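The values are calculated or read from the model by the stated rules, or taken from the named source; none is laboratory data. Predicted, not measured: the structure shown is a model, and the values here were computed from it. Note that each Cβ is placed from the backbone with ideal geometry, even for glycine, and that neighbours are counted across all protein chains shown.
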Amino acid sequence: MAATMKPSVAAEDVNVTFEDQQKINKFARNTNRMTELKDEIEAKKKSLQNLQDASDDLMMFDDDSLLIPYQIGEVFISHSQEETQEMLEAAKVMRWSRRSRSWKGRVSAIQQVLGDLKVKLYAKFGNNINLEADES
């Protein structure tokens, strides 16, 4: 018995125009930006957690006369426990509070662009294009 191949439901041929390719490229660039921004935010969160851990450890010291080394640039400078605590709090504000609004705005703008492009590209290509991120 010879096997016959039934024609599978083939994807309909859709011409990819230059504008379509530009949209696909823009989607890929913005997806990469989003990934980089999320990685940057995670790194800043880790840095903020490290500052919080240092601040918590500093509170455990009972000796107020003890000088604590604090890194400024490439140099360690010794300060009192109170001064070091204040510097840690200032560093936390500088590293997170001011930048978090900027990051949220950038994430929101990129998500808007990606959403618009998804609608346009899925409208034209349907199931012939996969714009969903791999969760591997």
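Surrounded by 13 or more Cβ atoms within 10 Å (Cβ to Cβ) and part of a helix (DSSP H, G or I): does that describe Ala123? No. Ala133 passes every criterion in (1) assigned to a helix (DSSP H, G or I); (2) exposed (fewer than 11 other Cβ atoms within 10 Å of the Cβ) apart from (1). Condition (residue is farther than 30 Å from Arg29 by Cβ, part of a helix (DSSP H, G or I), touching a residue at least 40 places away in the same chain (Cβ under 8 Å) and touching a Lys or Arg at 6+ places or on another chain (Cβ under 8 Å)) applied to the stretch 52-74: is it met by at least one residue? Yes: the stretch 52-74 contains one or more residues that are farther than 30 Å from Arg29 by Cβ, part of a helix (DSSP H, G or I), touching a residue at least 40 places away in the same chain (Cβ under 8 Å) and touching a Lys or Arg at 6+ places or on another chain (Cβ under 8 Å).
Lys120 meets all of the listed conditions (1) at pLDDT 90 or above; (2) within 20 Å of the chain's Cα centre (by Cα) but one, namely (2). So how many residues does the stretch 75-88 have that are in a helix (DSSP H, G or I), surrounded by 13 or more Cβ atoms within 10 Å (Cβ to Cβ) and not hydroxyl-bearing (Ser, Thr, Tyr)? Total satisfying the criteria: 5. Residues that are loosely packed, with under 13 Cβ neighbours inside 10 Å, of a type in the set (Asp, Glu) and in a helix (DSSP H, G or I) within the stretch 9-51 comprise Glu19, Glu36, Asp39, Glu42, listed in sequence order.
Could you check, for the stretch 104-117, whether at least one of its residues is more than 23 Å from Thr17 (Cβ to Cβ) and more than 15 Å from the chain's Cα centre (by Cα)?
Looking for residues that are more than 23 Å from Thr17 (Cβ to Cβ) and more than 15 Å from the chain's Cα centre (by Cα), one finds at least one in the stretch 104-117, hence yes.
Please work out if Ser100 is touching a strand residue (DSSP E or B) at 6+ places or on another chain (Cβ under 6 Å) and either surrounded by 13 or more Cβ atoms within 10 Å (Cβ to Cβ) or assigned to a strand (DSSP E or B) (or both). For Ser100, the condition - touching a strand residue (DSSP E or B) at 6+ places or on another chain (Cβ under 6 Å) and either surrounded by 13 or more Cβ atoms within 10 Å (Cβ to Cβ) or assigned to a strand (DSSP E or B) (or both) - is not met.
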